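Single-structure report; data block below.
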Amino acid sequence: MIKVVKKTHFTTNDKTCQFKLNKQILTMASEIEKTYSRIAVVGIGSDRSTGDSFGPLVGYMLSKCSIYDFDVYGTILNPVHAKNIKETVDSIDHSNTLVIAVDASVGRPEHIGHIVLSNQPIKPGSGVGKNLPPVGDITLSAIVTISGFLPLVMLQNTSLGLVYKMAEIAANSIRHILYKQQLEPSRCEKSKISITAS
């Protein structure tokens, strides 16, 4: 069976962005062809670069949410980056876990401020020439700056306000999945509360 790749842009300038993203990410999660009893969020990036801090910020925000049962990898205190991403990904039981990957990305000027939701894995670092393992059953990528000339410099000079705003929206959409699955568990079985921030 051929997988249909889905990719949707949500602009954070839209006042209904949160509502639309919440609705679409829940639909996408229900369409994943996998039986799982865990949810893991992998926030990819670095706390040393403003633009690249999107993933760790989302991870940090979610690590404070102790009422749901899920795992968090990658926060601003313990980031998942090029040096440890393979080890992190290998530590997850992918056969039994819905993996939501979160990362910053670069794109066209008119797409800066967009969050891209997809049902295909993220290729971390591809925008800056790195070759790292793909991550995620569902992915959220934030377009934080333009691609092309000196992408690392552009990431370093990205607006923190923009990145933080996008991180809040992404974290809220993931909380929405966790909330809905706690109310109506189907493929994801409820168990005791435990968060792993590593």
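Taken together, the values in this text are just the output of simple stated rules run on the coordinates, not laboratory data. Treat the numbers as computed from the prediction; the structure is a model and nothing was measured. With ideal geometry, Cβ positions are generated from the backbone for all residues, glycine too; neighbour counts draw on all protein chains shown.
For Ile76, list long-range residues whose amide hydrogen, built 1.01 Å from N in the peptide plane, is under 5 Å from its own amide hydrogen.
Distant-sequence amide H within range of Ile76: Tyr60.
Let me check I've understood the local charge: for Ser173, count other residues with C-beta under 12 angstrom from its C-beta, Lys and Arg +1, Asp and Glu -1. What total comes out? Write down the numbers at each step before the final one.
Working: positive: Lys20, Lys23, Arg175, Lys180; negative: Glu168.
My count for the surroundings of Ser173 gives +3.
Which pairs in the list Lys20/Lys130; Lys6/Lys130; Lys23/Lys86; Lys23/Lys165; Lys7/Lys165 are over 28 Å apart, alpha-carbon to alpha-carbon?
On the way: Lys20/Lys130 32 Å; Lys6/Lys130 24 Å; Lys23/Lys86 31 Å; Lys23/Lys165 19 Å; Lys7/Lys165 21 Å.
Lys20/Lys130; Lys23/Lys86, as the Cα separations exceed 28 Å there.
Where Lys and Arg each count +1 and Asp and Glu each count -1, what net charge lies around Asn157 among other residues with Cβ under 15 Å from its Cβ?
Numbers: positive: Arg48; negative: Asp52.
Every neighbour counted, the sum reads 0.
Would you grab the residues whose amide H sits under 5 Å from the one on Ile146? Only those 5+ places off in sequence or on another chain, please, with H modelled 1.01 Å from N.
Gly107
How many percent of DSSP beta bridges within the stretch 7-183 run antiparallel, rounded to 5? Numbers along the way, then the final one.
Working: 10 of 28 bridges.
Expressed as a percentage, antiparallel bridges in the stretch 7-183 total about 35.
Scaled to the compact-protein estimate 2.2 N^0.38 Å, what is the alpha-carbon radius of gyration of the stretch 7-183, rounded to two decimal places? Before the final figure, lay out each step's value.
Details: Rg = 14.8 Å, N = 177, 2.2 N^0.38 = 15.7 Å.
After normalising by residue count via 2.2 N^0.38 Å, the value is 0.94.
Using a simple charge model, +1 on the beta-carbon of Lys and Arg, -1 on the beta-carbon of Asp and Glu, nothing else, what dipole does the stretch 7-183 show about its Cα centre, in debye to the nearest 20?
Values: 16 positive and 14 negative charges, 62 e Å.
Here the stretch 7-183 has a charge dipole of around 300 debye.
Output ³J(HN,Hα) for the stretch 164-180: one whole-Hz value per residue in order, computed from phi by the Karplus curve 6.51 cos²θ - 1.76 cosθ + 1.60 with θ = phi - 60°, and x for Gly and Pro.
Whole-Hz 3J(HN,Hα) from phi for the stretch 164-180: 5, 4, 5, 5, 4, 5, 5, 4, 5, 5, 6, 4, 4, 4, 4, 5, 5.
Could you run the Karplus curve 6.51 cos²θ - 1.76 cosθ + 1.60 with θ = phi - 60° over the stretch 132-147 and give me ³J(HN,Hα) per residue in whole Hz, x for Gly and Pro?
10, x, x, 9, x, 7, 10, 10, 10, 10, 9, 7, 9, 7, 7, 7
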